[in-house]
Amino acid sequence: MRIYKEPDYKAVSRRAANLISAQIISKPNSILGLATGSSPIGAYQQLIMWYQKGDLDFREVISVNLDEYVGLSKKDPQSYHSFMKEQLFDSVNIDPKNTHIPNGMAKDLVSACKDYDTFLSSLGGTDLQLLGIGENAHIGFNEPSNFFESNTHVVHLSQSTIEANARLFPSIDLVPKQAITMGILTILQAKKIVLIASGPKKAQALYQTLLEPITPNVPASILQLHKDVSIVADEAALCLIPDELCTKISKR
Ligand code: F6R
């Protein structure tokens with residue numbers, strides 16, 4: 001595990017974008033696992049800038065997203081399909097046929113989850129999985145629970161996640177109560193993981209993730225078991241972890 005402690009969100013975004021662009025440059029047909037939410041927006045903007053300058057080429061990249069709300073159509077402005085188009089896909093030369101996001105409108109959600117897993121297995125795992133982290137330490141929408149759910153599944157969003165995501169909806173009542181998310185095993189099958197965290201609201205979750213025992217009550221704590229995780233976080237998100245511990249964790 002490696003911790004990149006950056007002064008602020010801008011630096012976090014640049015660092016994360018650096019790691020993603022290194023992946024694309026070293027393997028132009030990389031399979032990228034992508035995330036939505038506020039955390040990756042700055043990194044996506046940086047990647048778009050490098051693409052516009054001619055320094056990055058997404059032509060062969062394949063993307064698979066972590067999650068999608070149940071009940072929102074692809075065109076719904078709050079759907080993660082819309083988010084990805086607005087924040088990245090429409091501004092780079094990724095082939096839309098190579099972009100994959102769970103279908104939250106499927107009539108049979110269980111089959112949709114199975115199909116997503118079959119597809120992910122056929123790819124053999126992602127080369128780089130980008131993650132944000134919830135205030136309750138969820139990754140994807142794997143909420144705190146009594147067990148780690150391995151595969152893509154339908155999840156009931158916790159009240160704290162609904163409240164945290166309400167800022168993106170006209171009213172809290174409109175936040176979907178369910179989502180489809182990649183499971184923990186699928187996330188862990190990534191060759192590399194880059195987790196972005198910014199701001200003091202993520203401090204407790206990062207502390208538990210990095211320093212407390214692994215437990216499904218702190219879903220991100222499972223990342224302690226992965227051999228190539230980069231935590232890219234600002235000082236505010238790392239404020240509960242002294243510098244010497246950051247160094248120690250980076251040597252794990
Ligand atoms: C989004 C996702 C979530 C978010 C998390 C943090 O695809 O999987 O786990 O990364 O909820 O959200 P932000 O970045 O908005 O704080």
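The values are calculated or read from the model by the stated rules, or taken from the named source; none is laboratory data. Owing to the predicted nature of the structure, the values given are computational and were not obtained by experimental measurement. Cβ: placed from backbone, ideal geometry, glycine included. Neighbour counts: every protein chain shown. Ligands, DNA and RNA are excluded from the accessible area calculation, which covers all protein heavy atoms including side chains. Shrake-Rupley method; radii C 1.70, N 1.55, O 1.52, S 1.80 Å.
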*Check the stretch 195-205 and report whether any residue there is free of Cβ contacts under 8 Å to residues at least 60 places away in the same chain, on the phi < 0 side of the Ramachandran plot and open to solvent by 30 Å² or more (accessible area, probe 1.4 Å).*
yes
*Taking the residues in the stretch 72-93 that are surrounded by 14 or more Cβ atoms within 10 Å (Cβ to Cβ) and over 26 Å from Ser122 (Cα atoms) as candidates, determine which candidate is farthest from the ligand (Cβ to nearest atom).*
Ser91
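Could you tell me whether any residue of the stretch 98-114 is closer than 27 Å to Arg2 by Cα and open to solvent by 80 Å² or more (accessible area, probe 1.4 Å)?
Going residue by residue through the stretch 98-114, those that are closer than 27 Å to Arg2 by Cα are none.
Checked against the condition, which is being closer than 27 Å to Arg2 by Cα and open to solvent by 80 Å² or more (accessible area, probe 1.4 Å), the stretch 98-114 yields no hits at all.
Please verify whether Glu135 is within 30 Å of Asp8 (Cα to Cα), touching a Lys or Arg at 6+ places or on another chain (Cβ under 8 Å) and open to solvent by 30 Å² or more (accessible area, probe 1.4 Å), treating the condition exactly as stated. I'd like the intermediate steps shown before the answer.
Numbers: within 30 Å of Asp8 (Cα to Cα): yes; touching a Lys or Arg at 6+ places or on another chain (Cβ under 8 Å): yes; open to solvent by 30 Å² or more (accessible area, probe 1.4 Å): yes.
In short, yes.
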*Where Arg2 falls short, out of the listed (1) more than 16 Å from the ligand (Cβ to nearest atom); (2) closer than 29 Å to Thr209 by Cβ; (3) open to solvent by less than 30 Å² (accessible area, probe 1.4 Å); (4) more than 16 Å from the chain's Cα centre (by Cα)*: (3)
*Taking Tyr116, is it under 19 Å from Val155 (Cα atoms) and either in a helix (DSSP H, G or I) or not aromatic (Phe, Trp, Tyr) (or both)?*
yes
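Do we have Leu240 as among the hydrophobic types (A, V, I, L, M, F, W, C), open to solvent by less than 20 Å² (accessible area, probe 1.4 Å) and either within 20 Å of Gly42 (Cα to Cα) or at pLDDT 95 or above (or both) here? Spell out the reasoning first.
On the way: among the hydrophobic types (A, V, I, L, M, F, W, C): yes; open to solvent by less than 20 Å² (accessible area, probe 1.4 Å): no; either within 20 Å of Gly42 (Cα to Cα) or at pLDDT 95 or above (or both): yes.
The answer is no for Leu240.
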*Quick one: what pairs do we get from the stretch 169-186, first residue open to solvent by 60 Å² or more (accessible area, probe 1.4 Å), second of a type in the set (Gly, Ala, Ser) and outside any loop (DSSP other than H, G, I, E, B), C-beta under 7 Å, 6+ apart or different chains?*
Ile172/Ala166
*Is it true that Ala43 is in a helix (DSSP H, G or I), within 15 Å of the ligand (Cβ to nearest atom), in contact (Cβ under 8 Å) with a residue 40 or more places away in the chain and small (Gly, Ala, Ser)?*
yes
_Could you tell me how many of the residues in the stretch 67-90 are in a loop (DSSP other than H, G, I, E, B) and of a type in the set (D, E, K, R)?_
3
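Give the residue, chosen from Val12, Val64, that is in a helix (DSSP H, G or I), of a type in the set (A, V, I, L, M, F, W, C) and surrounded by 18 or more Cβ atoms within 10 Å (Cβ to Cβ).
On the way: Val64 fails: in a helix (DSSP H, G or I).
Of the residues listed, the single one that is in a helix (DSSP H, G or I), of a type in the set (A, V, I, L, M, F, W, C) and surrounded by 18 or more Cβ atoms within 10 Å (Cβ to Cβ) is Val12.
Can you pull out the helices (runs of 4 or more DSSP H) entirely within the stretch 128-212 that have at least 3 residues that are closer than 26 Å to Cys239 by Cβ and within 11 Å of the ligand (Cβ to nearest atom)? Talk me through it step by step, then tell me what you get.
Numbers: elements: 159-165, 184-188, 203-211.
Where helices (runs of 4 or more DSSP H) fall fully within the stretch 128-212 and carry at least 3 residues being closer than 26 Å to Cys239 by Cβ and within 11 Å of the ligand (Cβ to nearest atom), they are 159-165.
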